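J.: The structure is given below, and queries will be raised subsequently.
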Amino acid sequence: MVRTPLFRRLGRPAPDLPVTDLARAEAGLEAVPAGRAGEPVKPRGPVRERRLLTDHGAALLLQGDMRRAAAVFRMETESAPDRPGGYRNLARTALAAGHPRRALHWLREAEGRAPSDPRNAFFFARACRAVGDLERVRAAIEACLAAFPRDRGSFQERGIIRFLSGNFRGALDSFDAVLEIDPEEVNAHYHRMKCYEGLGDTAEAAARRAYLHYKADDNAPKRARRYLASHEAANREAQKIHVHR
């Protein structure tokens, strides 16, 4: 139902409110033949091109479309071959797709263009953890935290490495640091519970209660599937990769 504004119902003129433009932006959409729908379109202009490619690829990566994200990030490397961003984004995509050794290849390309960049180090740590090289993970994470001392992702990685190494007390310090930044981070609560469990500490009961409080409802997916089965539009929106017709 569309509601009529109050000033119209009262027969009064609309108020003349001051309007201040804080910013302006324009966007253009390029039409392509139907057979090319879904293919990445290369934008015009070097800086604008690089930014749009980064944003487009990141959106595809978040959507779970690894193939098209990789295609866009390759275009980013072609647009700016001397910059590390495109190669680092290809590494992110490879990690998300479960290919850590491929990610290491792209990270070496990024490192060659930006030596000792802590942003490279963070993804390098994740790739090394995936292939079991824990010593190199530790060095990479410390480099990240030296540059970004409030980065919860780096604290999370350091906590996981300490946990896997059996250093439960050290892991607790890292997960506590995560929770200082984000008190509802469920992965940190889970690992705190497991650390106390490994230590045989009585604090495990309180950590378990905190984890159960913040963890997702196990029955939620079943209820969601039942709802989506009878609501076509909502079901389409729930799919990571979908098309609006």
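J.: Is the range 91-114 home to any residue that is at pLDDT below 95 and among the polar types (S, T, N, Q)?
T.: So far as the range 91-114 goes, no, none of its residues is at pLDDT below 95 and among the polar types (S, T, N, Q).
J.: Restricting attention to the range 96-136, which residues are in contact with a Ser or Thr (Cβ under 7 Å, 6 or more places away or on another chain) and within 23 Å of residue 59 (Cα to Cα)?
T.: Passing the criteria: only 122.
J.: While we're looking at this one, here's another question. Among the helices (runs of 4 or more DSSP H) contained in the range 147-222, which hold 1 or more residues that are under 21 Å from residue 134 (Cβ atoms), without any contact (Cβ under 8 Å) to a residue 40 or more places away in the chain and not assigned by TED's automatic domain parsing to the domain that holds residue 125?
T.: Hits in the range 147-222: 152-164, 168-181, 186-199.
J.: Under 9 Å between Cβ atoms, at least 6 apart or on separate chains: pull out the pairs that start in the range 95-117 with a residue that is within 16 Å of residue 144 (Cα to Cα) and end on any residue that is in a helix (DSSP H, G or I) and of a type in the set (Ser, Thr, Tyr).
T.: Close Cβ pairs (under 9 Å, with a partner that is in a helix (DSSP H, G or I) and of a type in the set (Ser, Thr, Tyr)) amount to 107/87; 110/87; 111/87.
J.: Can you tell me which residue within the range 28-62, out of those that are modelled with pLDDT of 90 or more and under 20 Å from residue 113 (Cβ atoms), is surrounded by the fewest Cβ atoms within 10 Å (Cβ to Cβ)?
T.: In this case the residue turns out to be 58.
J.: Do you know which of the residues in the range 141-159 that are closer than 17 Å to residue 170 by Cβ and of a type in the set (A, V, I, L, M) is surrounded by the most Cβ atoms within 10 Å (Cβ to Cβ)?
T.: 141
J.: Given the criteria in a loop (DSSP other than H, G, I, E, B), of a type in the set (Gly, Ala, Ser) and under 21 Å from the mean Cα position of the chain (by Cα), does residue 98 qualify?
T.: Yes: the conditions hold for residue 98.
J.: Out of 138, 119, which single residue is farther than 29 Å from residue 81 by Cβ and assigned by TED's automatic domain parsing to the domain that holds residue 67?
T.: Only one candidate passes the filter, namely 138.
J.: Next question, about the same structure. Read through the list (1) within 24 Å of residue 114 (Cβ to Cβ); (2) modelled with pLDDT of 90 or more; (3) within 20 Å of the chain's Cα centre (by Cα); (4) crowded, with 17+ Cβ neighbours inside 10 Å, then give the number of the only condition that residue 65 fails.
T.: Of everything listed in (1) within 24 Å of residue 114 (Cβ to Cβ); (2) modelled with pLDDT of 90 or more; (3) within 20 Å of the chain's Cα centre (by Cα); (4) crowded, with 17+ Cβ neighbours inside 10 Å, residue 65 misses just condition (1).
The values are calculated or read from the model by the stated rules, or taken from the named source; none is laboratory data. Because the structure is a prediction, the values reported are computed rather than measured. Virtual Cβ from ideal backbone geometry, glycine too; neighbours counted across all protein chains shown.
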